[in-house]
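Each remark here refers to the structure printed beneath this line.
The values are calculated or read from the model by the stated rules, or taken from the named source; none is laboratory data. Remember, it's a predicted structure, so these values are computed and weren't measured experimentally. Heads up, the Cβs are rebuilt from the backbone with ideal geometry, glycines too, and the neighbour counts pull from every protein chain shown.
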Amino acid sequence: MDRSPTADDVRLRDASHEDLPTFFEHQRDPVANRMAAFSARDHDAFMRHWTTAILGRETEVAKTVLVDGRVAGNVLCFEHDGKRQVGYWIGREFWGRGVATRALSALLTEVQERPLFAEVAEHNVASLRVLEKCGFVVADESPGPRDDGIRGVLLRLDA
């Protein structure tokens, strides 16, 4: 059984093109897709999105999450619908070990602007818990159901 990483085991560094193959495999996981209510992109669409919309924009903060030196996922801060938002994707082999909470906490130390927002599928209890541990609270406004009928929850961090 894997031991839980300590705070020193979880590190962030700037995301790079070399990380994209691992990120691509993470986002193809059908279990993770159901939990996040996210449809995986094909290889070309994924690479194009990351190269132009994430790594290619100076306003985006894109970090690779490392656990014991291994790429465990990513954590981001980006502009969406006029709001600064955060997001993260952790490979399933790292779930349940506190990695997402530690990674998001580290990002929030680096990104000082507030308010920040996060949107998560209502059924994604683990992600809701990560956001709450990091100080996010449910915002007054709700994004409501998406085209696929899944209800989202909008959270906000002010301090």
For this session: Tell me, yes or no, whether the range 95-105 has at least one residue that is closer than 20 Å to Leu55 by Cα, in contact with a helix residue (DSSP H, G or I) (Cβ under 8 Å, 6 or more places away or on another chain) and modelled with pLDDT of 95 or more.
Result: yes
For this session: Name every residue in the range 127-138 that is assigned to a helix (DSSP H, G or I) and more than 20 Å from Phe38 (Cβ to Cβ), in order of residue number.
Result: Glu132, Lys133
For this session: For residues that are acidic (Asp, Glu) and in contact (Cβ under 8 Å) with a residue 24 or more places away in the chain, scanning just the range 94-139, find the one that is farthest from Arg11 (Cα to Cα).
Result: Glu122
